[in-house]
Structures are given as C-alpha cells and as structure tokens.
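The values are calculated or read from the model by the stated rules, or taken from the named source; none is laboratory data. All values reported here derive from a predicted model rather than from experimental measurement. FYI the Cβ positions are ideal-geometry reconstructions off the backbone, even for glycines, and counts take in every protein chain you see.
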Amino acid sequence: MDEKALNRRKFLKISLGAAGVLAAAAASPMAFFSNSNKATAASSEVMPPQKIRAWCMVIDLKKCEGCVTLGTPPHCTQACIQGHYVPQGQEWIQVYHVELPGGGSYFMPTPCYQCENAPCVNVCPVAATYHDRSGIVLIDHHRCIGCRLCMAA
C-alpha cells in the first residue's frame, strides 16, 4: 500500500485537526486578529477570578418517587430547608408530579441549577447571593435581608 495515499485514519486526523483550529478561531476570533497593543491592554485590566471547577448534578428520575411511599415531604426539600435556614412556609426545592402525554407519570425535583450567570446573584441588592471560587452559588445568611428577590428571579 502506498504510504502517501490518503486512508480513512489520515483523513480523520486531518479533518479533526482542522475542525479544532476552526473551533478555536470561532470561540475567540479577536485572539487571532488583534494586534499586540490590544492584547497587552486587555491583560492589564482586572479580570474576575476564574472558577476552578465546573460542577454538575445528576438526578435519577427513575429512582425519585417524591417520598410518597414514606408518607413524608420530600427529603431533598427538608434537607434544603434545614441546611439553608429557609423560613417557615418556603421551599427552595419543589418536587412536581408530572403526567406524561402517553400515560404514566414521574416526579421532577427542581433544585437550584447552579447557573453560570445566575439571575439570583444578579438581583440580590446586598450581594448576599454569590458565586464562590469553585463556581457554586451560595447565600451569606448573615448578610441576607430576606427580600426574596433571589427566589423570584
């Protein structure tokens, strides 16, 4: 077999390499086309600290049964109320019973989704809701004034 012939493996290497270069150029086009003066000016600006991790939460909806068999409110809701000192009558995690159009149903817990650009962080008037260095949305209960704008957002 001719070593210069283009086989499937070589084609994939070339096309994936080109796709990577194009993706990098599309993600930050100014990095490729800016002059050095702009780059040094941008690097001298104060940038917010980068988060050190990207977290995710996985909820197995096949296993969530809304604590119906236990005859108690959902344990995730109760743990949230106790852990965050949520006032009486409020719930930050709600578990909905969702009916499927073709028949059947499932329970859908709705916890904090730890948004990257969280609306609750943006609307807090006293900055009690914030992102920590690892990217987790937290509430400083000593600073919180109880306006509940974070919950509305």
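Restricted to the stretch 82-124, and to residues there that are under 18 Å from the mean Cα position of the chain (by Cα) and among the aromatic types (Phe, Trp, Tyr), the residue that is surrounded by the most Cβ atoms within 10 Å (Cβ to Cβ) is TRP92. Of the residues in the stretch 81-92, none is among the charged types (D, E, K, R) and modelled with pLDDT of 85 or more.
Applying the set (1) surrounded by 13 or more Cβ atoms within 10 Å (Cβ to Cβ); (2) under 24 Å from MET151 (Cα atoms); (3) out of contact with any helix residue (DSSP H, G or I) (no Cβ under 7 Å at 6 or more places or on another chain); (4) at pLDDT 85 or above to GLU65 leaves exactly one unmet item: (2).
The single condition from (1) out of contact with any Pro (no Cβ under 6 Å at 6 or more places or on another chain); (2) under 27 Å from ASP60 (Cα atoms); (3) surrounded by 12 or more Cβ atoms within 10 Å (Cβ to Cβ) that CYS147 fails is (2).
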